[in-house]
């Protein structure tokens, strides 16, 4: 049940003995899973209370509490470069379950528009995500949270696609696109890592140009690291993505994952199918209609795009056809151009000698000397000219992703699996 902010403040005082709440503060939000309220005590310190709204959310919160005990150790031992919530107390709820109280963490929610190319916050974000993925999977497994290998995660996605298809609201072109990617075994050769699973701007706190904390860890599991990059493909400024990807890759110790961003693109597209399923399961018709419209727009955007994981070939000129070095190191084109230039110079010299012997040569209407005609000594054009510019495969992929992600700015209507409403503030 949803409670007033004052009711949650009262629960906080029972959870933390001696806590003297004098005011409520942002965030004061509620979604279908959790209600969150910020608090201010008599000493000027900020707190947050988070209460589940149904039994499933309560079970997820208990899993988060167990995980946080492990993550705090990772922070204190320097393996995580940012902080996480540290539960201070719990208050039992009349309907079952319990609310969690913790000190508000330093930082403010990430503003995606502040991500820029090159070093800076974009690179810091990439390194922070990589640090989470570098954790030992046992940190998650020991807390009793889900663990998926690559094939199990692939089958989970395929099941979601099948369920979405049964609604009759997903364009067939998208279903074919997704199923082809899910059946491409080359995409699913990755090492599972700890995954946040619910990254969104309000769950990433930033201070002094660095990531200072991650929040809302109830969806953490071991799975595909691409999950934690999909939201950035969907919403981050396009020119910041290279910096994020590069910093992330350099911070990972296992080496390059060649299909990481392809899977991230798939996850970002499947987010719309999950939004549709959320509306269907909860019988929220406005959500169903919203998701249906975005799926249609996505189908139009990717109609002419390569399939997920399929990259346009790099165009390379056939140098053997027009550049075969001869004995002295000059290619045929260069030799032809040199010979033509020498011929033209000789003709000019002959014309000058003729002018010196016979007076002025032929003149044009303006009185200037007319250049002698060249009936066969003109330099031949270069075979093929400069040719087509090579296609940068990475840039082509970026353009394809940009066309897709324009439709993923869900704003305040983000589904529960994409965002939480925690917005902690500085102490």
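Here, each number is a calculation from the coordinates, and none is a lab measurement. These numbers were taken from a predicted model, which means no experiment stands behind them. Neighbour counts run over all protein chains shown; Cβ positions are idealised from the backbone, glycine included.
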- Task: Quickly work out the residue 238-to-residue 300 label distance, labels modelled 7 Å from Cα along the C-beta direction, and quote it in nm with one decimal.
- Result: 1.8
- Would you please give the FRET efficiency between residue 155 and residue 281, computed as 1/(1 + (r/R0)^6) with r the Cβ-Cβ distance and R0 = 25 Å, to the nearest 0.05? 0.80
- Item | DSSP bridge orientation in the stretch 73-217 - percent antiparallel, rounded to nearest 5 | 90
- Gap separating the Cα centres of the stretch 43-93 and the stretch 157-190, nearest whole Å: 35
- Message: Tell me whether the stretch 19-100 comes out rounded, prolate or oblate; compute the Cα gyration tensor, take square roots of the eigenvalues as a ≥ b ≥ c, and use a/c under 1.5 as the rounded threshold.
- Response: oblate
- Note: the stretch 228-317, point scatterers on Cα, Debye, no solvent; log10 I/I(0) at q = 0.20, 0.26 Å⁻¹ equals -1.07, -1.32
- Task: Once you have a ≥ b ≥ c as the square roots of the Cα gyration tensor eigenvalues for the stretch 147-264, tell me rounded if a/c is under 1.5, and otherwise prolate or oblate according to whether a/b is larger than b/c.
- Result: prolate
- Message: To make sure I understand, if each residue's beta carbon is the centre and we count other beta carbons within 10 Å, what order do 77, 238, 245 fall in, fewest to most?
- Response: 77, 238, 245
- Query: So how do 100, 294 line up by other beta-carbon neighbours within 10 Å, fewest first?
  - Reply: 294, 100
- Note on the structure: Going from the fewest other Cβ atoms within 10 Å to the most, one would list 112, 272 as 112, 272
- Modelled label reach - residue 54, point 7 Å along Cα→Cβ, the stretch 1-21 residues with backbone N closer than 19 Å: 1-3
- Query: Using r as the Cβ-Cβ distance of residue 6 and residue 69, and R0 as 35 Å, what FRET efficiency do you calculate, to the nearest 0.05?
  - Reply: 0.70
- Query: What FRET efficiency comes out for the pair residue 310/residue 142, r = Cβ-Cβ distance, R0 = 41 Å, nearest 0.05?
  - Reply: 0.55
- Item | Euclidean distance of C-alpha centroids, the stretch 213-280 and the stretch 101-129, integer Å | 15
